[in-house]
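Reviewing the structure listed below.
Please treat every number below as a calculation from the coordinates, not as lab data. What you see is a predicted model; the values in this text were computed from it and never measured. Cβ coordinates were reconstructed from backbone atoms using ideal geometry, including for glycine residues, and neighbour counts include every protein chain displayed.
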Amino acid sequence: MPETGFDMPACLERVRRRDEEAARMLFQELYPLVIKLVRSHLPRRTGEEDLVQMVFMKIFTHLDQYAGKVPFQHWVSRIAVNTCIKVLRAEKVRPEVRWADLGEDEGHVLDLLASTQEELNPDQSLASRELAEKLMALLNPEDRLVMNLLTMEGRSIEEVKQITGWNESVIKVRAFRARNKLRKHFKQLMREERR
């Protein structure tokens, strides 16, 4: 995180002593990081503010478990990502998207992608993003997380490693398998559209 003049160790010590003002300051300092992570891993049926609240409850509840071996923001990131994964698992996302599930704009984008090599114009990019999100929702939470971090956010393998705690091989294998699953689902949609 950028240097803000915020004294994290002192604030954490005050929060551990139940200082409410320090807890508010810590919340304000961490909110941008947590909301960014939540938005990039947002489950379908859970509102982002509800999820942010869950993350902060876990942070404050488990603050005594923070040993200081990693930067505090990394510890918070891991809590946020794990909370999102658990909520995604709990939602048990439906395992497929059918052509009938797509909106008119998404169907049009899919037709365009199948029939041309041209770039999408800006009014079609929203529909293509929605289509991509529907396809991403078909992945299991861990694969979706890796694809979001690597592809959507453009993070490096090293950054993904720090956020998830997974080793480099696991990250690469998950990304490879997730890409193959996305291709399979996309081809399935294309076959269904041609019927």
**Message:** Relative contact order for the range 1-92: what percent, with Cα pairs under 8 Å and sequence separation of 6 or more?
**Reply:** 32 percent
**Message:** Rounded to whole Å, give me the distance from the Cα center of the range 52-80 to that of the range 131-150.
**Reply:** 24 Å
**Asked** With each label point set 7 Å from Cα along the Cα-Cβ vector, what nm distance links Lys161 and Arg17?
**Response** 3.9 nm
**Asked** What are the ³J(HN,Hα) values, in whole Hz, obtained from phi via the Karplus relation 6.51 cos²θ - 1.76 cosθ + 1.60 with θ = phi - 60°, for each residue of the range 26-33 in sequence order, with x given for Gly and Pro?
**Response** 5, 4, 4, 5, 8, 3, x, 5
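Over 27 Å between Cα atoms, which of Lys36/Lys187; Lys58/Lys161; Lys58/Lys184; Lys58/Lys172 qualify? Show your work: numbers first, answer last.
Numbers: Lys36/Lys187 31 Å; Lys58/Lys161 21 Å; Lys58/Lys184 37 Å; Lys58/Lys172 29 Å.
Long pairs (Cα-Cα over 27 Å): Lys36/Lys187; Lys58/Lys184; Lys58/Lys172.
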**Prompt:** Which one of Phe72, Leu37, Gly5 is farthest out on the positive end of the charge dipole of the range 1-92, using unit charges on Cβ (Lys, Arg +1; Asp, Glu -1) and the Cα centre as origin?
**Reply:** Leu37
**Fill in**
In nm², the average projected area of the convex hull spanned by the Cα atoms of the range 1-92 is 6.0 nm²
**Item:** Relative contact order of the range 134-184, defined on C-alpha pairs under 8 angstrom at six or more residues apart (%)
**Value:** 43 percent
**Item:** Extension gain, Lys86 back to Leu63 (0.36 nm per residue minus Cα-Cα distance, nm)
**Value:** 6.3 nm
**Prompt:** Extension gain Glu168-Thr151, at 0.36 nm per residue separation less the Cα-Cα distance, in nm?
**Reply:** 4.5 nm
